[in-house]
Structures are given as structure tokens and as C-alpha cells.
Amino acid sequence: MSLLAVRNLTKRFAGNTAVDDLSFDLKPGELLALIGPNGAGKSTTFNMISGQLPPSSGSVVFNGRELLGVPSRRMVHLGIGRTFQIAATFGSLSVLENVQMAVLSHRRKIYAFWRSAAGRYRDEARQLLEQVGMLDLAGSPCSELAYGDIKRVELAMSLAGKPRLLLMDEPTAGMATAERNALVALVKRLVVQNNMAVLFTEHSMDVVFAYADRIIVLARGQLIAQGSAEQIRAHPKVQEVYFGTGKTFETVVSQDDKS
């Protein structure tokens with residue numbers, strides 16, 4: 001049974017169609033990658049699903065509820081988490097305090113800002129940090145963390161609302177090979193442990209082919225292929241549209257591994 005059902009999703013900008021009649025499903029326990037060349041419509045699709053951009057037409061149903069028209073700020077309370085291409089943490093706060101703030105927000109307690117939050121939801125925040133392997137750095141200021149560790153803190157913050165669906169926009173952007181593989185391997189483990197669904201956009205083909213359960217490929221706003229890594233590697237239209245001639249996924253993955 002689908003947790004997320006996207007049907008006939010379309011977005012037009014002044015006569016130009018950025019996303020054209022897109023439909024796909026996402027099941028619990030599935031890590032789904034959304035890929036495509038520059039200008040394929042990935043970001044537009046992602047922003048429509050996450051409520052940041054209104055579609056021209058179509059439907060996005062999460063857990064039986066239509067999401068179109070629901071403000072992005074309300075989606076977290078429906079069981080949808082999100083991470084961003086550029087991680088957003090408070091550098092002056094500790095790792096633990098950042099996660100506490102996320103838990104407070106999901107519990108709708110931020111309004112009580114005049115009350116001390118230092119002792120609230122510490123145990124829950126520590127449990128989230130343990131899930132992402134950051135408990136040892138709980139007392140460190142986020143401003144002192146390596147970028148890969150900041151992305152782990154952001155992941156812990158996104159899990160504060162116990163999401164059933166996690167949307168990740170370029171989660172490994174700016175990360176070296178070892179860091180990005182470690183992060184996506186962690187996400188994969190959390191997907192299995194929590195029976196959570198994840199939709200992510202990604203440019204690094206090494207992590208896409210290594211960890212995605214299924215891949216959907218866009219080109220010029222249209223879905224041109226979907227399937228397993230093996231099916232996408234061998235798909236002639238994907239090879240033609242995504243790379244043109246003279247290049248293969250194996251070449252790109254090899255180049256990613258060296259970066």
C-alpha cells in the first residue's frame with residue numbers, strides 16, 4: 001500500500017511546463033531516489049510535494065490525505081519531515097540543544113519561550129542523537145562541527161516528529177565520498193528500523209545506486225524511467241537523455257567515487 005501517491009502532477013511557468021503529468025508511488029520502508037539532468041524538474045517536483053510551491057494541477061496524497069493546499073509548516077504535524085540542501089542549525093547552541101528545540105517545536109511548545117527549555121525533552125533528544133551516532137558530541141556547539149556531523153544533527157532534528165515520510169533535498173551536497181556514503185547508509189538503516197519512507201533528490205550517483213531501493217528519472221519534466229538500480233543502469237532512454245553519448249552510469253559512479 002502506498003504511503004505517498006503522486007498523480008498527474010504538473011507545473012507550468014508562463015507557458016513553460018517544468019513538470020508534466022508526473023505520477024509515482026512511495027511505500028513505507030522504501031528509499032526512493034529522484035534523479036535527472038539539470039533542468040529536469042527535480043526541485044520543482046520536490047517543492048510541490050513539500051508544500052513550498054503550488055502545482056498547476058494534479059494530486060499529492062499522503063496517508064490518505066490530500067497535501068495540496070496544506071502549508072509546508074503544517075506538514076511536520078502530519079508525519080512528514082524534511083532536510084534541506086544547506087543544513088540549518090543554530091551554531092551558538094549545542095548539538096543537544098538544537099535537537100531539543102526541534103522536539104519542542106514538534107510538541108508545539110515554542111510559544112512558551114519565556115520558560116527555561118534546558119531541561120525539557122533532554123532524554124528524547126539524546127535518544128535521537130544516539131540514532132544518528134552523535135550522542136558523544138551532544139555538548140559541543142554546532143559551530144564547531146564538521147559539515148558531515150552537522151548533516152547528522154539536521155537528520156536527528158528531522159526525526160523529532162517521528163515522521164512516516166522524510167523528504168531529503170540533496171542530502172549529501174558538499175560532502176566527500178566517505179561522508180556521503182556514511183550518511184545515506186545511516187538513512188537506509190533508519191528507513192528499515194522505523195518502516196519510514198524517504199524521497200530524496202541527489203546528484204551523486206554512487207550513493208543513489210548503492211542505497212536506493214528504487215529510482216525515478218525525470219527529463220524535461222517528464223518521467224522517463226523508474227525501477228531498480230540495475231534497471232536504470234540498463235535503460236537506453238536514461239542513458240541517452242541523462243548523459244547523451246560517450247558516457248555511462250559506470251563512468252559517472254567511478255568519477256563520484258574519486259571525489
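Bear in mind these aren't lab numbers, they're just calculated from the coordinates by the rules spelled out. Nothing here was measured: the structure is a model prediction, and the numbers come from that model. Cβ sites come from the backbone with ideal geometry, for glycine too, and all protein chains shown count toward neighbours.
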Once both axes come from the Cα atoms, what is the angle between helix 177-194 and the longest principal axis of the chain, in degrees from 0 to 90, rounded to 10? 80 degrees
Points 7 angstrom from Cα along the Cβ direction at Leu78 and Glu240: gap in nanometres? 3.8 nm
The set of residues whose placed amide H lies less than 5 Å from the amide H of Ala219, leaving out same-chain residues fewer than 5 positions away, is Ile224
What does the charge dipole of the chain about its Cα centre add up to, to the nearest 20 debye, if the Cβ of each Lys and Arg holds +1 and the Cβ of each Asp and Glu holds -1? 940 debye
Just from its helices, what would the mean residue ellipticity at 222 nm be for the chain, if runs of 4 or more DSSP H residues each count -39500 (n - 2.57) and the sum is divided by every residue, rounded to the nearest 500 deg cm²/dmol? -9500 deg cm²/dmol
What whole number of Å gives the distance from the Cα centroid of region 196-221 to the Cα centroid of region 1-64? 13 Å
Kindly write out, for region 10-25 in residue order, the coupling ³J(HN,Hα) from the Karplus curve 6.51 cos²θ - 1.76 cosθ + 1.60 (θ = phi - 60°), rounded to whole Hz, with x marking Gly and Pro. 9, 9, 10, 10, 6, x, 8, 9, 7, 10, 10, 6, 8, 9, 6, 10
Provide the FRET efficiency to the nearest 0.05 for the Ala14-Val192 pair, computing r from the beta carbons and using R0 = 45 Å. 0.55
Compute the helix-to-body angle for 147-158: its Cα long axis versus the longest principal axis of the chain, expressed 0 to 90° and rounded to tens. 80 degrees
Aspartates and glutamates within cross-link reach of Lys151: Cα-Cα under 17 Å, excluding same-chain residues under 8 positions apart? Glu97, Glu130, Asp136, Asp169, Glu170, Glu179, Glu202
For a paramagnetic label modelled at 7 Å from the Cα of Ala210 toward its Cβ, which residues of region 1-35 fall within the zone defined by backbone nitrogen distances under 20 Å? 30-35
